[in-house]
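Take a look at the structure below.
Values in this text are rule-based calculations from the coordinates and carry no lab data. Just so we're clear, the structure is a prediction, and the values are computed from it rather than from any experiment. Cβ placement follows ideal geometry from the backbone for every residue including glycine, while neighbour counts extend to all protein chains displayed.
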Amino acid sequence: MCNLYNVRSNREAILDLTRGMVDRSGWNEPSRDIYPGTLAPIVRVGADGEREMVMATWGMPTPPERIRGNYDPGVTNIRNTHFKHWRLWLGPESRCVVPFNSFAEPNPAA
């Protein structure tokens, strides 16, 4: 995935598209740019087995050996799913739908 995406759908449209049953997100913004580390809506299967919309932070934890200092900037581009660190999140229990309308890699020079 990319480092920037936008959600321009409303809560009802996302729940309808994903057949989500429960909204636990408290989200209903008409448009939102999502950068790494930003809270954004996702749809997943909850502990009760029902599809639910919740807020989650965009990105994955950085492998510990790649963190410099105490700050974890997170990772949004995972290219090697055979790397041991990522195997924790490859199972069905970690899957979700990330609703988006557009995405882009921001220009760091801009």
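Values computed for the structure shown
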read-out	value
In nm, spacing of pseudo-spin labels at Val22 and Asp72 (7 Å Cα→C-beta vector)	2.5 nm
Over the chain, volume per residue of the alpha carbon convex hull, in Å³	132 Å³
Gain in span if fully extended, His82 to Asn101, counting 0.36 nm per residue against the direct Cα distance	3.9 nm
For segment 1-28 versus segment 50-110, the gap between their alpha-carbon centres in whole angstrom	18 Å
Two-site label geometry, Ala13 and Leu90: point separation in nm, points 7 Å out along Cα→Cβ	3.5 nm
